[in-house]
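The values are calculated or read from the model by the stated rules, or taken from the named source; none is laboratory data. Note that the structure is predicted; figures quoted are calculated from it, not measured. Please note: Cβ atoms are built from the backbone with ideal geometry, for glycine as well, and neighbour counts cover all protein chains shown. Note: accessible area is taken over every heavy atom of the protein model, side chains too, but ligands, DNA and RNA are not part of it. Shrake-Rupley method; radii C 1.70, N 1.55, O 1.52, S 1.80 Å.
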Amino acid sequence: MTLPQLTEVVKGCGEPLFRAKQVFGWLQKGVHSFEEMGNVSKTLKEKLKENYYVSNVSIEKRLDSSVDDTVKYLYRLSDGEYIESVVMKYKHGYSICISTQVGCRMGCGFCASTIGGLCRNLTGGEMLSQITEAQNDLNIRISNVVLMGMGEPLDNYENVMRFLSLVSEEDGLHIGMRHISLSTCGVVDKMKLLEKEKLQITLSVSLHAPNDEIRSQIMPVNRKWGVVELLEACKSYIKTTSRRISFEYAMIYGINDSDACASELSKRLKGMLCHVNLIPANDVHDQYTKSNVTQIHRFQYILENNGINVTVRRTLGSDINASCGQLRAEK
Ligand code: SAH
């Protein structure tokens, strides 16, 4: 619940309104029960217990990378489902990659999160709790959040919006919109809604191919909204928000990594306020493997030569199964 929502609840319980801030503060600290809310009156705790529950995630398994400081969590939800989050250490601080759904229904061929389909949406609280749980466990403060774990954030629009409001709340974690990235596979109708919210978040778009022929083969969502329509939506988004868009491009051997693909992509993106992240694809299915390093650099070179901003994403936590959804699938 947001602070205004909690305030209504506290009012309904006939309790003084300052209690709402107290309860909100405890929830943002990541407590697992009303009992732990030290300074909240006993009567209010009893009343809350009758009608509400605290739906925080708990750590089922933690994997620490031995090659860098990456930590991966398998979290258990209150109904017994599992999700994953990853904490990464950068020069500028800690960043967390969180999940927005249990599973995913987008069906991208190279992605582990979608293997069992969609199980359910996460609530805003369950998204927030992935951050508080990791912070408490590692005794750190997380300053950046990316919605790039399991699930399609724009397929769970309302709860994601609730999460964005919770996480940026001054009396809570207070993580500003400029420190948050949201990644989508290209759910164009929801991108148009998001555009109207005029948020200062970074929008990442998982493009992965320069044309419909290849994109529809690996990403079923492209059969509904093709590359041209998607890029039009991106241009409109940039115009409205003045924010640069990041394009994710997983380099898959023999599928989308040819020189011709790089040239075609350059033409499509020319003149756009954007940045391309080339990601060596993680092996998930036998039919898709990562491109070789030489080809990734050729691809980068062609984009750069055409004036497109591009970086090759560093691989973090390579020894702890970097690709999302694999731990859950095993479980
Ligand atoms: N549903 C959202 C966010 C989750 S996926 C989206 O599609 O953007 C986060 C990123 O990881 C996406 O860019 C996704 O395409 C990418 N990804 C999924 N499987 C991958 C793999 N095997 N190798 C590299 N990147 C992958």
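Observations, loosely collected:
- Any chance residue 268 is open to solvent by 30 Å² or more (accessible area, probe 1.4 Å), away from the ligand (no atom under 16 Å from the Cβ), of a type in the set (D, E, K, R) and not in a helix (DSSP H, G or I): no
- Being open to solvent by less than 40 Å² (accessible area, probe 1.4 Å), in the same structural domain as residue 318 (by TED's automatic domain parsing), β-branched (Val, Ile, Thr) and within 16 Å of the ligand (Cβ to nearest atom) is a property that holds for residue 98.
For every residue, the table says whether it meets (1) crowded, with 16+ Cβ neighbours inside 10 Å; (2) among the β-branched types (Val, Ile, Thr); (3) more than 16 Å from the ligand (Cβ to nearest atom).
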| site | (1), (2), (3) |
| --- | --- |
| 84 | yes, no, no |
| 92 | no, no, yes |
| 103 | yes, no, no |
| 124 | yes, no, yes |
| 130 | yes, no, no |
| 133 | yes, no, yes |
| 142 | yes, yes, yes |
| 157 | yes, no, no |
| 163 | yes, no, no |
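- Scan of the stretch 44-91 for residues that are under 10 Å from residue 317 (Cβ atoms) and in contact (Cβ under 8 Å) with a residue 60 or more places away in the chain, ordered by number: 63, 64, 65, 66, 67, 68, 70, 71, 72, 86, 88
- Screening the stretch 170-257 for helices (runs of 4 or more DSSP H) wholly inside it with 2 or more residues that are in contact with a Ser or Thr (Cβ under 9 Å, 6 or more places away or on another chain) returns the ranges 188-197.
- Residues that are out of contact with any Asp or Glu (no Cβ under 7 Å at 6 or more places or on another chain), of a type in the set (S, T, N, Q) and in the same structural domain as residue 147 (by TED's automatic domain parsing) do not occur anywhere in the stretch 219-238.
- Residue check for residue 29: in contact with a helix residue (DSSP H, G or I) (Cβ under 7 Å, 6 or more places away or on another chain), closer than 21 Å to residue 169 by Cα and surrounded by fewer than 18 Cβ atoms within 10 Å (Cβ to Cβ): yes
- Lone unmet requirement of (1) touching a residue at least 60 places away in the same chain (Cβ under 8 Å); (2) under 22 Å from residue 115 (Cβ atoms) for residue 246: (2)
- Picking from residues in the stretch 279-291 that are closer than 19 Å to residue 210 by Cα and assigned to a loop (DSSP other than H, G, I, E, B), the one that is most open to solvent (accessible area, probe 1.4 Å) is 289.
- Taking the stretch 204-234 as the range and being surrounded by 15 or more Cβ atoms within 10 Å (Cβ to Cβ) and within 26 Å of residue 178 (Cα to Cα) as the test, the residues that pass are 204, 205, 206, 207, 208, 230, 231, 233, 234.
- Residue check for residue 276: of a type outside the set (S, T, N, Q) and surrounded by fewer than 18 Cβ atoms within 10 Å (Cβ to Cβ): no
- Screening the candidates 328, 314 for the property of being within 14 Å of the ligand (Cβ to nearest atom) and either in a loop (DSSP other than H, G, I, E, B) or of a type in the set (Ser, Thr, Tyr) (or both) yields one hit, 314.
- Strands (runs of 3 or more DSSP E) fully within the stretch 27-137 counting 3 or more residues that are β-branched (Val, Ile, Thr): 82-90
- Tally of residues being within 19 Å of residue 101 (Cβ to Cβ) and either more than 19 Å from the chain's Cα centre (by Cα) or of a type outside the set (S, T, N, Q) (or both) across the stretch 52-77: 9
- Matching option when the condition is under 19 Å from the mean Cα position of the chain (by Cα) and within 21 Å of residue 126 (Cα to Cα), among 204, 168: 168
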